[in-house]
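Here is the structure we will look at, set down as structure tokens.
The values are calculated or read from the model by the stated rules, or taken from the named source; none is laboratory data. Model, not experiment: these values are computed from the prediction. Heads up, the Cβs are rebuilt from the backbone with ideal geometry, glycines too, and the neighbour counts pull from every protein chain shown. These area figures cover heavy atoms from the full protein model, side chains too; ligands, DNA and RNA do not enter into them. Shrake-Rupley method; radii C 1.70, N 1.55, O 1.52, S 1.80 Å.
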Amino acid sequence: MTNHTPTPDRFPARFTWGVATSSYQIEGAACEGGRGPSIWDTFCATPGKVRGGDTGDVACDHYHRLDEDLDLIASLGVNAYRFSIAWPRILPQGRGEVNAEGVDFYNRLVNGLLARGITPWATLYHWDLPQPLEDEGGWTVRSTAEAFAEYAAVMAEALGDRVRHFITLNEPWCSAFLGYGNGVHAPGRTDLADSFAASHHLLLAHGLAVPRIREHAPDAQVGITLNLHHAYPAQDTDADRGAARRSDGFQNRWYLDPVYGRGYPQDMVTLLGEASPQARGLVHPGDEATIAAPTDFLGINMYTRAVMEDAPGDSWLHARQIRPEGSDYTGFDWEVAPESLTDLLVRLQKDYNPPALYITENGSTYPDTVSEDGTVHDEGRTRYLESHLAAMQEAMGRGAKVRGYFAWSLMDNFEWAEGYDKRFGIVHVDFETQARTLKASGRYYRDFLAQTRAAVGV
């Protein structure tokens, strides 16, 4: 059983400690600075798609409050900040003419981080696809992957003299399945075959982008971030073990295997049948080699685990996720299972042996309330953060090459289809006044980082 209290003096002196955000969730200024529309602008404008009719038009107004937010990040004592770049702010048409005003915003962001002693980690794609590319077919067509490689080269050339860590994609599973499979995210399409076509073109985009980034930023490290969960059988039976294996194939192996040179998992190709990109002729000769371009690290976004039972006839996966009794759950009704983070990290190191592992997102939602004294006592989030830091430390002790941790998220933000109803931040945001207030979880993280620095003499 994992110890739920991390030990500050057991982390390396050069460990990366950060917080993370994404462009559409915090920037606002949706129609300013030459930014073009994204699929999320279109999705939010479609009635019934986002809770409360919320949009990212203003979000956290980060575009206008950049210096204030950079000071906030610095006050936490982190040494890294993971942000994403809005593709439609750089290339409003998705390709072609570069919007200099958009590039300037990210130059100011990077320079501001460096001036405060904070290492920038740039994610190139966190779901805000330029709408003109969606109009051409979006991620279901190959040309979008080619356009992404062009965009990656633009950003590597613009920032590569200062940014030393690039993440190509954030959570391609979400982009593919939630966007094109069940339609709960932009662009809101609902076709299983299209979702797997999107998954292939997303991975192809990653593979095409890696050498373009290396060309323009030869000193930078390049990786991809996947949202992964450890899958467990509900009962110790062959049937439930098979269900867990299929869940692992859908969520994890479909992305991990090709990125690490194994090609797509054949059991999943067979299960998909005519809906597979292979059956539709979308996987061209050489694609799998392109996807397997060598990377320097694997980013892992982890929030919960999957406990699976066999369910013949229940969807194409013939498996159902159950809700274990007696567990704690977050505001998203996700099970709090820190031991699964240990299991996941150890498994990734053993099965794929990445050069380095970074937890690029980890966090929780709770129904925060601001006390009369102006504070937010988010004990649930604090416990979640503490227990997962301990679980990460346990995995490191078991051989996982974990080199960094980014708390999700820096501050409450636009939470996609949930609008502003769900809060992940360690900083509270009043969306009417835009006032930022450090929560108890933020104070815990700040104080823990101070303890780790003191313990290792940094």
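Quick notes on this one:
- Subset of region 317-338 that is open to solvent by less than 50 Å² (accessible area, probe 1.4 Å), outside any loop (DSSP other than H, G, I, E, B) and touching a residue at least 12 places away in the same chain (Cβ under 8 Å) - its residue that is farthest from Leu357 (Cα to Cα): Ala319
- Out of Ala145, Ala115, Ala152, one residue alone is free of Cβ contacts under 8 Å to residues at least 24 places away in the same chain and of a type in the set (A, V, I, L, M, F, W, C). It is Ala115.
- Residue in region 246-269 that is surrounded by 20 or more Cβ atoms within 10 Å (Cβ to Cβ), small (Gly, Ala, Ser) and either at pLDDT 95 or above or in contact with a helix residue (DSSP H, G or I) (Cβ under 9 Å, 6 or more places away or on another chain) (or both) present: yes
- From Asp41, Asp9, residue being at pLDDT 95 or above and in contact with a helix residue (DSSP H, G or I) (Cβ under 8 Å, 6 or more places away or on another chain): Asp41
- Close pairs (9 angstrom Cβ cut-off, 6 or more residues apart or separate chains): at pLDDT below 95 in region 208-220, crowded, with 24+ Cβ neighbours inside 10 Å anywhere: none
- On inspection, Asp447 passes the criterion of being surrounded by fewer than 20 Cβ atoms within 10 Å (Cβ to Cβ) and of a type in the set (Asp, Glu).
- Matching residues, region 250-303, being under 20 Å from Asn170 (Cβ atoms) and basic (Lys, Arg): Arg253
- Number of the condition not met by Leu208 [criteria: (1) under 26 Å from Gln321 (Cα atoms); (2) open to solvent by 20 Å² or more (accessible area, probe 1.4 Å)]: (1)
- Taking the numbered list (1) part of a helix (DSSP H, G or I); (2) out of contact with any strand residue (DSSP E or B) (no Cβ under 8 Å at 6 or more places or on another chain); (3) within 16 Å of Val78 (Cα to Cα); (4) touching a residue at least 12 places away in the same chain (Cβ under 8 Å) in turn, Ala391 passes all entries but (3).
- Of all the criteria given as (1) at pLDDT 95 or above; (2) surrounded by fewer than 21 Cβ atoms within 10 Å (Cβ to Cβ); (3) not basic (Lys, Arg), the one not satisfied by Asp314 is (1).
- The set of residues in region 352-388 that are buried (at least 19 other Cβ atoms within 10 Å of the Cβ), in contact with a strand residue (DSSP E or B) (Cβ under 7 Å, 6 or more places away or on another chain) and not in a loop (DSSP other than H, G, I, E, B) comprises Leu357, Tyr358, Ile359, Thr360, Glu361, Val376, Leu385.
- Any pair with Cβ under 6 angstrom, 6 or more apart, that starts in region 163-180 at a residue that is under 19 Å from Tyr358 (Cα atoms) and in a strand (DSSP E or B) and ends at one that is of a type in the set (S, T, N, Q) and open to solvent by 10 Å² or more (accessible area, probe 1.4 Å): His165/Gln221
- The number of residues in region 392-438 that are open to solvent by 20 Å² or more (accessible area, probe 1.4 Å) and among the polar types (S, T, N, Q) comes to 2.
- Residues being closer than 19 Å to Thr342 by Cβ, of a type outside the set (A, V, I, L, M, F, W, C) and not in a strand (DSSP E or B) - total across region 299-312: 3
- Of residues in region 270-303 being hydroxyl-bearing (Ser, Thr, Tyr) and crowded, with 21+ Cβ neighbours inside 10 Å, the one nearest to Gly181 (Cα to Cα): Tyr303
- Residues in region 113-155 that are more than 24 Å from Thr42 (Cα to Cα) and open to solvent by less than 10 Å² (accessible area, probe 1.4 Å): Leu113, Ile118, Pro120, Trp121, Ala122, Ala153, Met155.
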